[in-house]
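Here the structure comes first, spelled out in structure tokens, and everything after it is commentary.
The values are calculated or read from the model by the stated rules, or taken from the named source; none is laboratory data. No experiment lies behind these values; they were computed from the predicted model shown. Methodologically, a virtual Cβ is constructed for each residue, glycine included, from the backbone with ideal geometry; neighbour enumeration extends over all protein chains shown. Side chains included, ligands, DNA and RNA excluded: accessible areas come from the protein's heavy atoms. Shrake-Rupley method; radii C 1.70, N 1.55, O 1.52, S 1.80 Å.
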Amino acid sequence: MNPLLDTAGLPKFADIRPEHVTPAIGELLANANDALDRATSDAVAADYDALSTVLDVATERLGRAWGAVSHLNAVADTPALRAAYTENLPKVTEFHTRMGADERLFAKYQAVQAGPGAARLSAARRKALTNALRDFVLSGAELRGAAKQRFAELQDAQAEAAQSFSEHVLDATDRFAYFATEAELDGVPDDVKSAARAAAQAEDRSSFKITLHFPSYFPVLQYGRNRALRETLYRAHVTRASELGDPAHDNSTLMRELLAMRQEEAQLLGFASYAEVSLVPKMATSVQQVRAFLVDLARRARAGAERDLAELREFARTELALDDLQAWDLAFVSERLKEQRYAFSDQEVKQYFTEPKVLDGLFRIIETLFEVTIRPDEAQVWHPSVRFYRIERASAGAVDGARTLVGQFYLDLYARPGKRPGAWMDEVRGRWARPDGRLQTPVANLVCNFAAPVEVDGKLRPALLTHDDVTTLFHEFGHGLHHLLTQVEDIGVAGISGVEWDAVELPSQFMENFCWEWDVLKHLSAHVDSGEPLPRELFERMLAAKNFHSGLATVRQVEFALTDMRLHAEPGCEADIQRVADEVRREVAVVPAPPFNRFLHSFSHIFAGGYSAGYYSYKWAEVLSADAWSAFEESAHNGSVLNVETGRRYRQSVLEVGGSRSAMDSFKAFRGREPSIDALLRHQGLLAASATSASAANVP
Ligand SMILES: [Zn+2]
């Protein structure tokens with residue numbers, strides 16, 4: 001039996017081999033295609049359950065098998081598995097694209113909505129149906145004839161152009177190398193120098209190879225005392241893939257074409273701009289609202305940002321003898337000032353955060369606030385260090401301590417060869433009252449890339465986490481809880497499914513706040529040798545450093561977001577992209593950028609990622625998460641934010657409902673009002689600077 005075809009229980013991660021992929025995906029795709037044909041034929045009535053029984057069952061099975069393959073490809077990559085993945089990816093994508101624009105299926109769903117049964121559908125099902133119809137329209141299912149053909153051409157051409165854009169950025173990044181002498185790297189940390197020396201040695205050179213990849217480039221800008229080298233690297237970095245670099249990697253034409261194609265696509269769908277199309281499935285309601293939100297945020301952060309810059313200039317002049325602070329000095333001067341002012345290192349802090357203690361503390365918080373228990377469970381895994389847990393809740397009305405299974409999750413914490421960097425939450429399966437009557441509980445993958453435990457003097461020392469690592473762990477658990485604690489039974493809107501893109505980071509960013517609470521941290525920390533909790537005084541310095549130059553960081557994010565929004569909201573502006581970028585810079589930026597700065601040419605988020613006319617989502621979701629958190633601050637007592645009553649309300653109004661209603665409705669159910677920007681400004685130390693400004697208008 002092919003383990004990928006066995007979708008009755010949990011994935012058979014340990015049994016799946018690369019040679020299983022093509023036959024299994026071939027069979028599941030054929031089944032899904034048959035299901036699509038049947039669902040669109042007269043044999044299946046225009047009825048929610050009938051369609052779900054035929055189509056959802058087949059596509060969910062395909063999704064779960066492909067999910068397992070993609071997951072293994074990300075966490076246990078081998079050449080054979082990668083080849084199998086690459087071979088099947090286009091087939092799976094093609095099926096979903098085709099189904100998403102299938103006119104017959106669209107007509108069938110429209111018939112469900114117009115039919116007599118529609119009034120009897122649950123609210124969650126009505127939402128799932130509305131979402132499905134909306135997505136059909138946005139995928140061009142309403143178009144006919146030449147327009148439909150042109151739409152399909154545009155989709156393919158955009159995918160191709162986006163791919164070329166990314167390749168140019170990658171190639172421009174890869175082609176650059178600077179071979180430095182040891183003297184030129186004065187100030188750069190030893191681990192970065194060792195990596196640079198190894199990279200040079202691999203090419204039979206005795207110097208140090210510095211590249212434009214972040215772990216190589218950024219530490220030199222941050223710590224390198226050699227100003228000329230910083231300038232060289234900065235210039236190379238901000239001109240990547242532009243007309244100022246190698247013409248072979250110049251993205252100028254692709255950017256113009258991509259923007260023009262997106263506008264044409266929007267026009268075919270009957271919208272005034274691509275930005276409008278992008279916002280249809282999002283929480284933000286109009287381009288005007290997003291622009292006003294961003295401009296307002298920039299205005300409120302401006303005074304703080306100007307103070308930050310003045311402080312940097314002053315420090316550069318008096319302490320570092322730099323009279324003309326330039327873009328390539330900012331990271332360096334900022335790091336020196338930070339060191340002088342707060343005097344602590346990541347190295348010092350991480351001695352207090354051992355992985356078992358942190359995980360235990362995190363589980364206690366979840367158990368207390370969300371009224372569940374977490375305990376170890378058994379499942380096949382892909383690596384011996386991966387753990388598996390189950391979340392349970394006291395069964396309704398139980399007197400004998402009976403527990404009900406809520407969900408399960410895999411936890412893969414450590415970096416290792418063959419595992420993609422970064423941290424993420426992924427669905428293994430969603431909560432679903434299946435058409436056959438069984439209730440499927442949700443399962444999640446939680447993946448991080450922390451340094452594994454090492455042996456010291458023959459004894460295994462627990463893994464030590466930096467404070468950033470701890471925050472990352474909490475962040476991913478926020479996504480995990482959104483997926484796992486859902487009570488919705490319709491797979492299309494359970495958990496994070498169907499949640500608006502610009503609201504999906506609410507639960508994750510929300511969890512990060514615990515990592516800045518003294519009452520939480522003192523229970524989460526124990527020095528690896530002495531067992532002492534984090535000293536209060538060290539925590540105070542960390543807290544003070546948290547908002548270091550948050551004004552500058554905010555206006556920078558606003559500059560990116562506003563440029564993105566304007567480029568997609570103003571048809572015709574593709575002819576003069578730099579003008580738009582310059583205008584936004586004049587409007588909101590505080591740090592003058594050199595005229596050769598071409599950051600847009602490597603801005604893959606908006607040209608090749610999913611963030612076109614959506615980069616504002618980062619700040620938008622931060623407003624939501626900060627405001628949600630402030631409810632816990634308000635209900636804190638005796639210094640503890642762990643208020644069970646507030647936790648229950650948050651769980652019931654935000655986490656459990658998933659995508660079954662709009663994010664705004666969920667937020668209002670929890671907060672009793674619309675979100676306000678004040679909590680975010682307060683948490684980032686920016687409120688004082690804007691206290692005199694008008695009250696929050698145009699917040700999401
Ligand atoms: Zn996230």
Seminar exercise, completed: V386 vs (1) β-branched (V, I, T); (2) touching a strand residue (DSSP E or B) at 6+ places or on another chain (Cβ under 7 Å); (3) open to solvent by 40 Å² or more (accessible area, probe 1.4 Å): all pass except (3)
Seminar exercise, completed: Per the filter on the range 25-50, residues under 30 Å from the mean Cα position of the chain (by Cα) and either of a type in the set (G, A, S) or open to solvent by 40 Å² or more (accessible area, probe 1.4 Å) (or both) are A32
For this session: Count, please, the residues in the range 83-101 that happen to be open to solvent by less than 20 Å² (accessible area, probe 1.4 Å) and of a type outside the set (A, V, I, L, M, F, W, C).
Result: 1
Problem set entry | Residues satisfying the stated conditions in the range 118-160, i.e. in contact with a Phe, Trp or Tyr (Cβ under 7 Å, 6 or more places away or on another chain) and in a helix (DSSP H, G or I) | R125, L129, A132, L133, F136
Exercise. Mind checking whether some residue in the range 494-501 is over 19 Å from M283 (Cβ atoms) and either open to solvent by less than 10 Å² (accessible area, probe 1.4 Å) or modelled with pLDDT under 95 (or both)?
Worked result: no
Problem set entry | Yes/no for E476 being touching a Lys or Arg at 6+ places or on another chain (Cβ under 9 Å), within 16 Å of the ligand (Cβ to nearest atom) and closer than 30 Å to S617 by Cα | no
For this session: Residue by residue through the range 503-538, note down the ones that are within 16 Å of the ligand (Cβ to nearest atom), open to solvent by less than 40 Å² (accessible area, probe 1.4 Å) and not small (G, A, S).
Result: V504, L506, P507, Q509, F510, M511, N513, F514, C515
For this session: State all residues of the range 620-641 that are touching a Leu at 6+ places or on another chain (Cβ under 6 Å) and either of a type outside the set (D, E) or farther than 30 Å from T130 by Cα (or both); if no residue qualifies, say none.
Result: A621, V623, L624, S625, A626
Exercise. On the given criteria, is E153 within 28 Å of F95 (Cα to Cα) and at pLDDT below 90?
Worked result: no
Problem set entry | So N445, is it within 16 Å of the ligand (Cβ to nearest atom), at negative phi and either open to solvent by 20 Å² or more (accessible area, probe 1.4 Å) or in contact with a Ser or Thr (Cβ under 7 Å, 6 or more places away or on another chain) (or both) | no
Seminar exercise, completed: Over the range 448-471, the set of residues among the aliphatic types (A, V, I, L, M), open to solvent by 10 Å² or more (accessible area, probe 1.4 Å) and either within 15 Å of the ligand (Cβ to nearest atom) or in contact (Cβ under 8 Å) with a residue 60 or more places away in the chain (or both) is A452, L464
Problem set entry | Residue identified as over 30 Å from N226 (Cα atoms), among the small types (G, A, S) and open to solvent by less than 30 Å² (accessible area, probe 1.4 Å) among G397, G407 | G407
Problem set entry | Residue in the range 485-493 that is in contact with a strand residue (DSSP E or B) (Cβ under 8 Å, 6 or more places away or on another chain) and within 12 Å of the ligand (Cβ to nearest atom) present | no
Problem set entry | Which listed residue is at pLDDT 95 or above and either crowded, with 20+ Cβ neighbours inside 10 Å or among the aromatic types (F, W, Y) (or both), from A65, A80 | A65
Exercise. Does the range 421-438 hold any residues that are within 14 Å of the ligand (Cβ to nearest atom) and not in a strand (DSSP E or B), and which are they?
Worked result: G422, A423
Seminar exercise, completed: Of the candidates N643, N638, N597, the one satisfying the condition of being surrounded by fewer than 23 Cβ atoms within 10 Å (Cβ to Cβ) and touching a strand residue (DSSP E or B) at 6+ places or on another chain (Cβ under 8 Å) is N643
Seminar exercise, completed: For the range 268-280 the number of residues that are open to solvent by 40 Å² or more (accessible area, probe 1.4 Å) and touching a residue at least 24 places away in the same chain (Cβ under 8 Å) is 4
For this session: Test A305 against the criterion of being touching a residue at least 24 places away in the same chain (Cβ under 8 Å) and farther than 21 Å from G614 by Cα, and give yes or no.
Result: yes
Seminar exercise, completed: Pairs returned, first residue in the range 472-486 that is more than 12 Å from R429 (Cα to Cα), second residue that is of a type in the set (D, E, K, R) and within 11 Å of the ligand (Cβ to nearest atom), beta-carbon separation under 7 angstrom, 6 or more apart or interchain, are F474/E512; H475/E512
For this session: Consider only pairs whose beta carbons are under 8 Å apart and that are at least six residues apart or on different chains; among these, list those whose first residue lies in the range 196-217 and is without any contact (Cβ under 8 Å) to a residue 12 or more places away in the chain and whose second residue is open to solvent by 80 Å² or more (accessible area, probe 1.4 Å) and in a loop (DSSP other than H, G, I, E, B).
Result: none
Exercise. Any chance the range 123-133 includes a residue that's touching a Leu at 6+ places or on another chain (Cβ under 8 Å), open to solvent by 30 Å² or more (accessible area, probe 1.4 Å) and closer than 30 Å to Q267 by Cα?
Worked result: no
Problem set entry | The listed residue being in a strand (DSSP E or B) and more than 16 Å from the ligand (Cβ to nearest atom), out of R364, R393 | R393
For this session: Please indicate, with yes or no, whether at least one residue in the range 335-348 is touching an Asp or Glu at 6+ places or on another chain (Cβ under 9 Å), hydroxyl-bearing (S, T, Y) and within 30 Å of P453 (Cβ to Cβ).
Result: yes
For this session: Can you confirm whether the range 416-429 contains a residue that is of a type outside the set (K, R), touching a Leu at 6+ places or on another chain (Cβ under 6 Å), surrounded by 16 or more Cβ atoms within 10 Å (Cβ to Cβ) and at negative phi?
Result: yes
Exercise. Restricting the search to the range 346-370, which residues are more than 27 Å from the chain's Cα centre (by Cα) and either closer than 25 Å to L405 by Cβ or at pLDDT below 95 (or both)?
Worked result: E348, Q351
Exercise. Using beta carbons and a limit of 8 Å, which pairs, at least six apart or on different chains, have the first residue in the range 370-396 and in contact (Cβ under 8 Å) with a residue 40 or more places away in the chain and the second one among the aromatic types (F, W, Y) and part of a strand (DSSP E or B)?
Worked result: A379/F388; A379/Y410; V381/F388; V381/Y410; S385/Y414; I391/F409
For this session: With the checklist (1) within 16 Å of the ligand (Cβ to nearest atom); (2) open to solvent by 10 Å² or more (accessible area, probe 1.4 Å); (3) closer than 15 Å to S660 by Cα in hand, flag the one item H482 doesn't pass.
Result: (2)
Problem set entry | Enumeration of residues in the range 439-457 that are assigned to a strand (DSSP E or B) and touching a helix residue (DSSP H, G or I) at 6+ places or on another chain (Cβ under 7 Å) | A444, N445, L446, V447, C448, F450
